[in-house]
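Notes follow the structure.
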Amino acid sequence: ASAGELADKVKGNATMAEPLFARGVTAHPDDLELLKLEWLVHLATGNWKAAVAAGEQLEARDEASKVDPEFYRRLASAYRSDSQPLRAGSTADTTVVKFPDDAPVYSLYVQLLQQEHDAALPRGLARFPGNADLHVLASQALKERGSVAQAATEIRIALGVNPRLP
């Protein structure tokens, strides 16, 4: 059966379709249409590892995907959902450069930057507790969130580490 016929047969039931498309792609590895449908099914079911794997294959082999900002937005989102924030950010960063006029891609890029900042700062403070610059960044973030007392504590820590901070 063609990829389109298979898609029609499983329409509306991505969970049931998932193993069917996985077998189809294994049996017909050169069928890009089947791979595209498998990618969409994995995205629909939230099978992020499989979606990432299919997306990476599409990126390597499918010329149409390489010029589709929506493809890259979905791939970055799959990376994020698969707990790969650095790959998500890198993909979004590259996509923003490649498609500078695409607002949804830029929006995702900003979201990923914010999420990574929120996760990276506590990791950095835990890893480098004696770094004054990280404590200053933490203070700024806390102040923006309205936690003035905690922000002041972070500044005191930063000044304790480096009394010559501007």
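What distance in nm lies between label points placed 7 Å from Cα along the C-beta direction at Gln111 and Asp93? Distance between the two pseudo-spin positions: 2.0 nm. Percent relative contact order of the range 1-127, based on C-alpha pairs within less than 8 angstrom and at least six residues apart? After rounding, I find 15 percent.
Specify which labelled value, from (1) 21.8, 72; (2) 17.1, 54; (3) 15.8, 55, agrees with Rg and Dmax of the Cα atoms in Å derived from the coordinates of the model shown. Here the calculated entry is (1).
Heavy-atom surface analysis with a 1.4 Å probe gives the chain a carbon and sulfur content of 57 percent of its accessible area. In the assembled protein chains, Arg87 presents an accessible area of approximately 110 Å² (probe radius 1.4 Å). Straight-line cross-link reach from Lys66 at under 19 Å between alpha-carbon atoms covers these aspartates and glutamates, not counting any fewer than eight positions away in the same chain: Asp30, Asp31, Glu33, Glu38, Glu56, Asp93, Asp101, Asp102.
The values are calculated or read from the model by the stated rules, or taken from the named source; none is laboratory data. Quick caveat: nothing in here was measured; it's all calculated off a predicted structure. As a convention, Cβ positions derive from the backbone with ideal geometry for all residues, glycine included, and neighbour counts pool all protein chains shown. With ligands, DNA and RNA removed, areas are computed over all heavy atoms of the protein, side chains included. Shrake-Rupley method; radii C 1.70, N 1.55, O 1.52, S 1.80 Å.
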